[in-house]
Amino acid sequence: MDADMPLERKLDILMEMAGDDHEGAGGKARVLPPRLRHAKEVGALRPLNIRQLRTQVGKVSLMRILMTNACSFNCHYCPMRRDRSMPRTLLKPEELVRIFLEAHRRGWCSGLFLTTGIPGRPTKVMDDLITVLELLRVKHRFAGYVHVKMVPGAEPAQIERLTALASRVSLNLEAPCGSSLARIAPEKSLDTALESLDRARRQVVREREEKAMGRPADPLRPGGTSGMTMQFVVGATPDSDRTLVGKVTELYAKGGIHHAHFSAFRPIRETPMEEAPAAPALREVRLYQTDYLLRQYGFGADEVVFDGKGNLPLANDPKTTWALAHPERFPVEVRTAPYEELVRVPGIGPGAAKKLVAERGRTVLRSLADLRGLGVVTTRAAGFLTLNGRRFQDVRWAEQLGFWGADDDTGRHHFTYDVSPGTFR
Ligand code: SF4
């Protein structure tokens, strides 16, 4: 590992992965805010690693960076694995803090997303992460958003210190079962990761309870108030979506976890999984949509509809799949249905359902155009609704029969990549 290379070269290496890591199949995340488009010309900080994010503290643009891309682990799917040849470097905590504060001063970012490989002992890496946090919070009095990825195998006191200083902490679980994790990451233990996650999660819950009881808020010691996140690699193991959703639900039930991240596996050049097929990006999207149903739409895990193999059907989003499987619940009458029924209609999100409930008491809703004005996606919702007892149209039977096979191309071509998704989630 070359720790003495010029800073600009270090940044090139440690930030390049972030530019290619975004959820789902869309390319929106690559579009930079106008003022960042020429940031590359200004200095070593490349703009690709900066990403807009909505958080509890409002909108933040995160500078996403690796502390080091060196790693002693040899996970089969990872581009940073020990046996893979690539330029390796690291930023010392002081260097990293200086770079971030300079970018922050120039207005390029308002928060930090920090992740890292694990060269040597996890406890040493955790010490360095804690040093970064302490420099930011204690020495430089930085009170903004900081998301840090913990490394598995840390000491309990380290987990508590990191969680106390970060706005959000996260942990990569990678797989929902210990045995499947062992197939792709033989040196990792799901039990160890879950233990670390549980310790941080309990602290988040504790800190929130103390705040709710009136403890004055200290922005320099937020205690993970934005909640934890966890990440799974999807399709690298035979685990079904049903198993993933079950694990996520089990972990949510304990509190303190904000949401899960799902990263569709894609094969990385010069790794043992180079020849393994990529998971469809749409599978990742369907898992995120299901996660929303569980967290924001009042769905229970036992209501999610899976196919015969225990996976989410790709042809329709999971709410439409559920609606098509439950004709007895439709049509829903716009004028009288409670919020809980409206929000289960495909094309009606929580915002539109709330507006419908509020507006129908004040004005007379007459047409699809009125519903559109309230945020209803009528092309999807119309078949599932009545207005004053009148149906708009039939359910789209072509959708029900799955005529539109999603990702029909999956598996037809085999691409390999240099960057794995999920590093910066
Ligand atoms: S997944 Fe994490 S621990 Fe495993 S090789 Fe990659 S960086 Fe190292």
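The values are calculated or read from the model by the stated rules, or taken from the named source; none is laboratory data. Since this is a predicted model, take the numbers as computed values, not measurements. Cβ coordinates were reconstructed from backbone atoms using ideal geometry, including for glycine residues, and neighbour counts include every protein chain displayed.
Quick notes on this structure:
- Total residues in the stretch 104-121, condition more than 16 Å from the ligand (Cβ to nearest atom) and surrounded by fewer than 23 Cβ atoms within 10 Å (Cβ to Cβ): 6
- Matching option when the condition is under 28 Å from the mean Cα position of the chain (by Cα) and within 22 Å of Thr386 (Cα to Cα), among Asp307, Asp317: Asp317
- Test: residue in the stretch 123-146 that is of a type outside the set (S, T, N, Q), within 16 Å of the ligand (Cβ to nearest atom) and more than 25 Å from the chain's Cα centre (by Cα): yes
- The single condition among (1) within 16 Å of the ligand (Cβ to nearest atom); (2) closer than 18 Å to Ala260 by Cα; (3) modelled with pLDDT of 95 or more that Asn172 does not meet is (3).
- Tally of residues being in contact with a Phe, Trp or Tyr (Cβ under 9 Å, 6 or more places away or on another chain) and assigned to a loop (DSSP other than H, G, I, E, B) across the stretch 220-263: 8
- Flag if Lys149 is surrounded by 23 or more Cβ atoms within 10 Å (Cβ to Cβ), without any contact (Cβ under 8 Å) to a residue 40 or more places away in the chain and within 16 Å of the ligand (Cβ to nearest atom): yes
- Just one of (1) under 20 Å from Glu284 (Cβ atoms); (2) modelled with pLDDT of 95 or more fails for Asp407. It is (2).
- Entry remark, the stretch 146-187: residues being of a type outside the set (S, T, N, Q) and either in contact with a Cys (Cβ under 7 Å, 6 or more places away or on another chain) or assigned to a strand (DSSP E or B) (or both) number 11 in total.
- Verdict on Pro277 being out of contact with any helix residue (DSSP H, G or I) (no Cβ under 8 Å at 6 or more places or on another chain) and in a loop (DSSP other than H, G, I, E, B): yes
- Verdict on Arg81 being within 14 Å of the ligand (Cβ to nearest atom) and touching a residue at least 40 places away in the same chain (Cβ under 8 Å): yes
- Set Gly298, Gly246, Gly255: member being modelled with pLDDT of 95 or more and surrounded by fewer than 18 Cβ atoms within 10 Å (Cβ to Cβ): Gly246
- The set of residues from the stretch 206-256 being within 18 Å of Leu282 (Cα to Cα) and not polar (S, T, N, Q) comprises Phe232, Val233, Val234, Gly235, Ala236, Pro238, Asp239, Asp241, Arg242, Leu244, Val245.
- Among the residues of the stretch 189-196, not a single one is touching a residue at least 60 places away in the same chain (Cβ under 8 Å) and farther than 20 Å from Lys124 by Cα.
- Some residue of the stretch 88-100 being among the aromatic types (Phe, Trp, Tyr), within 14 Å of the ligand (Cβ to nearest atom) and surrounded by 18 or more Cβ atoms within 10 Å (Cβ to Cβ): no
- Wholly within the stretch 310-365, helices (runs of 4 or more DSSP H) carrying at least 1 residues that are free of Cβ contacts under 8 Å to residues at least 12 places away in the same chain: 350-359
- Matching residues in the stretch 158-197 - criterion: being under 19 Å from the mean Cα position of the chain (by Cα) and of a type in the set (D, E, K, R): Arg168, Glu174
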